[in-house]
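These notes concern the structure reproduced below.
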Amino acid sequence: MTAGNYKEALKDPVFNMISQAAQNINVDAYVIGGFVRDYLLQRGNKQDIDIVCIGSGIALAQEVKKLLPNSTKISTFKNYGTAMIKTDELELEFVGARKESYDRNSRNPVVEDGTLEDDQNRRDFTINAMAFSLQAENYGYLLDPFNGTDDLLSKVIKTPLDPDITYSDDPLRMLRAIRFASQLDFSIDPVSFESIKSNAERIKIITNERIVTELHKIIACDQPSHGFLLLEKSGLLELILPELTALKGIEEVEGQTHKDNFYHTLEVVDNISRHTDDIWLRWAALLHDIGKAPTKRFNKKVGWTFHGHEFKGSKMVYQLFKRLRMPLNDKMKFVQKLVRMSSRPIAVIDEAATDSAVRRLIHDAGEHIEQLMTLCEADITTKNLKRFKKYHSNFQKVRDKMVEVEERDHVRNFQPPVTGEEIMTTFQLKPCREIGIIKAAIKEAILDGDIPNEHDAAYALMLRKGKELGLKTA
Ligand code: ATP
Ligand code: MG
């Protein structure tokens with residue numbers, strides 16, 4: 001990796017087109033940022049490409065559009081001086097080179113036109129400030145004023161300018177530093193990291209939406225603990241997700257200790273990330289123990305307890321989502337449900353996985369039973385190999401039992417074998433309490449295994465129950 005020519009990187013005809021368009025309107029244009037970084041890292045093919053030109057980004061985008069099929073979509077953002085073109089495969093973002101100056105209370109700078117160097121100076125990291133030229137005379141030439149290529153080789157995140165200025169100007173960059181370190185498996189330059197620590201409080205001027213965008217990206221990493229450990233060490237986690245830092249530490253009373261639930265949680269998140277890319281399931285893993293901090297008690301007889309932490313935790317999920325302005329929709333409900341049910345499969349194992357315990361678990365988890373089982377298996381973090389094997393084999397037994405029970409009893413998407421209407425016609429009833437009582441009795445009997453999940457057995461039970469309630473058949 002050296003300065004030099006990277007024509008290879010710009011093989012896609014779209015780059016020639018941009019080069020041509022830039023010539024037509026007589027501006028210099030460059031590919032900059034993530035595309036250059038990821039190309040040099042040989043990191044897959046990147047679909048969002050940033051183009052900077054010395055002039056108007058909007059004018060260049062309009063000129064590029066003329067060279068593309070008529071149906072191509074372009075969006076312009078006059079306030080920001082940017083434009084975006086979407087083709088089938090690519091998202092091209094155009095911006096004019098700019099110089100920025102910041103005010104202490106906002107991350108929105110005062111912007112004026114600038115040179116390519118000005119523009120590279122305002123970039124967040126050396127590895128994000130590299131550009132490939134699109135000029136005919138040096139097409140593919142790498143412009144790397146801060147030796148970003150060296151930092152790619154030594155795998156460090158570093159700011160182009162004094163980190164105190166870079167982070168204080170736009171504190172979102174602190175989260176971006178941690179996110180990139182986690183995504184690329186880089187370290188953060190020690191001077192930079194010290195600066196993040198001392199500027200951590202400034203994260204308060206960043207909107208929750210932007211914070212959450214970065215958190216999602218950290219959670220989506222192969223090993224999310226990388227990012228979360230940096231967040232914790234920098235002091236940012238305490239400010240963003242205090243529910244997690246509250247889980248830190250081990251207390252000892254009368255010689256009895258409990259595990260450090262913060263590090264345990266990070267292990268669970270790493271474990272689950274090997275089995276799922278679903279970020280909401282990963283969020284559930286991250287939050288599954290947050291109820292443990294407020295419910296922790298010491299009891300002379302049994303030692304440390306966290307009674308009701310699952311229920312408490314699921315309530316905290318709502319507060320946390322609300323505070324961070326995350327959607328309070330079915331995703332949140334899913335996370336709540338998994339947190340609330342996070343100890344259920346273990347309880348089933350403790351009850352020797354009886355049919356009825358398994359049936360109730362399947363019924364209560366419904367369509368999310370698989371995700372719940374994945375979460376609970378990821379929750380096994382014991383370092384004792386014998387126990388580790390035993391817990392996993394217990395889980396396998398429950399899974400086998402689940403298949404068997406579900407094949408026979410179909411309780412996963414439970415449909416009452418006798419409907420409310422049938423009950424009403426049988427006893428000539430208008431809608432009333434008794435119908436609910438009978439339906440509940442049938443469901444309980446099926447879940448307990450007293451009757452099979454079949455119409456005739458349920459019908460017979462309905463008649464018995466009706467009689468008990470003093471109802472008369474038609
Ligand atoms: P990703 O693959 O995550 O999209 P990226 O490098 O393309 O990585 P973007 O957020 O799309 O990241 O930003 C594009 C480029 O804009 C970055 O490479 C960087 O040069 C610059 N940039 C983005 N956000 C900032 C910021 N907050 N401060 C300074 N420069 C930034
Ligand atoms: Mg990008």
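Data for the structure
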| quantity | calculated |
| --- | --- |
| Once the Cα gyration tensor of the stretch 262-358 is diagonalised, semi-axes √(5λ) in Å | 23, 18, 14 |
| Accessible surface of the chain, 1.4 Å probe, proportion on carbon and sulfur as whole % | 48 |
| For the stretch 297-366 and the stretch 396-424, distance of Cα centres in Å | 22 |
| Candidate lysines for bridging to LYS389, where Cα separation is under 16 Å - those fewer than 8 sequence places away on the same chain excluded | LYS397 |
| Whole-Hz ³J(HN,Hα) from phi, Karplus 6.51 cos²θ - 1.76 cosθ + 1.60, for the stretch 250-259, glycine and proline x | 10, 9, 10, 9, 6, x, 9, 10, 10, 6 |
| Among 136-143, 227-234, the order from most to least packed when residues are scored by Cβ within 10 Å on average | 227-234, 136-143 |
| Straight-distance crosslink candidates among aspartates and glutamates, where the alpha carbon sits under 13 Å from LYS315 and sequence neighbours closer than 8 are dropped | GLU243, ASP289 |
| Where the stretch 1-138 is the region considered: accessible area per residue in Å², 1.4 Å probe | 52 |
| Residue-span extension gain [TYR139 to THR305] - 0.36 nm each, minus C-alpha spacing | 53.2 nm |
| FRET efficiency, 1/(1 + (r/R0)^6) with R0 45 Å, evaluated for ALA440 and LYS383 via beta carbons | 0.50 |
| Distant-in-sequence amide H partners of ILE188 (H built 1.01 Å from N, under 5 Å) | ILE157 |
| 10 Å binning of all Cα-Cα separations within the stretch 1-117, expressed as whole percents from 0 upward | 13, 43, 33, 11, 1 |
| Amide H contacts of THR82 (H built 1.01 Å from N, under 5 Å, at least 5 apart or other chain) | PHE77 |
| Segment ASN329-ASP103, length gained on full extension (0.36 nm per residue, minus Cα span) | 77.7 nm |
| In the stretch 286-321, the trypsin sites (Lys or Arg not before Pro) that fall in loop regions by DSSP, at most 15 other Cβ within 10 Å | LYS300, LYS301 |
| Proximal lysines relative to LYS322, as straight alpha-carbon distance under 17 Å, when same-chain residues fewer than 8 apart are discounted | LYS204, LYS312, LYS331, LYS333, LYS337 |
| Prolate/oblate/rounded call for the chain, Cα gyration tensor, a/c under 1.5 rounded | prolate |
| Globularity ratio of the stretch 340-441, using Cα Rg and 2.2 N^0.38 Å | 1.41 |
| Separation of alpha-carbon centers, the stretch 36-115 and the stretch 452-468, rounded to whole Å | 68 |
| Debye log10 I(q)/I(0) for the stretch 329-379, one point scatterer per Cα, at q = 0.29 Å⁻¹ | -1.19 |
| Whole-Hz ³J(HN,Hα) from phi, Karplus 6.51 cos²θ - 1.76 cosθ + 1.60, for the stretch 123-140, glycine and proline x | 6, 6, 9, 4, 6, 9, 10, 7, 9, 9, 6, 10, 6, 3, 6, 9, 3, x |
| Calculated FRET value between SER187 and SER71, using beta carbons and R₀ = 41 Å, to 0.05 | 0.35 |
| Efficiency of FRET from Cβ geometry, ASP28 and ILE205, R₀ 41 Å, rounded to 0.05 | 0.75 |
| Antiparallel content of DSSP bridges confined to the chain, in %, to 5 | 80 |
| Residue-level accessible surface for GLU93, protein heavy atoms, 1.4 Å, Å² | 70 |
| 9 Å beta-carbon shell around GLY148, net charge (K/R +1, D/E -1) | -1 |
| Loop-resident sites, the stretch 343-399, for trypsin sites (Lys or Arg not before Pro), counting at most 11 other Cβ within 10 Å (DSSP) | LYS383 |
| Estimated distance in nm for a label pair at THR354 and ASP278, the labels positioned 7 Å out from Cα along Cα-to-Cβ | 3.0 |
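The values are calculated or read from the model by the stated rules, or taken from the named source; none is laboratory data. All of these numbers come straight from a predicted model, not from anything done at the bench. Note that we place each Cβ from the backbone using ideal geometry, even for glycine, and neighbour counts take in every protein chain shown. Keep in mind that these areas ignore ligands, DNA and RNA; they rest on the heavy atoms of the full protein, side chains included. Shrake-Rupley method; radii C 1.70, N 1.55, O 1.52, S 1.80 Å.
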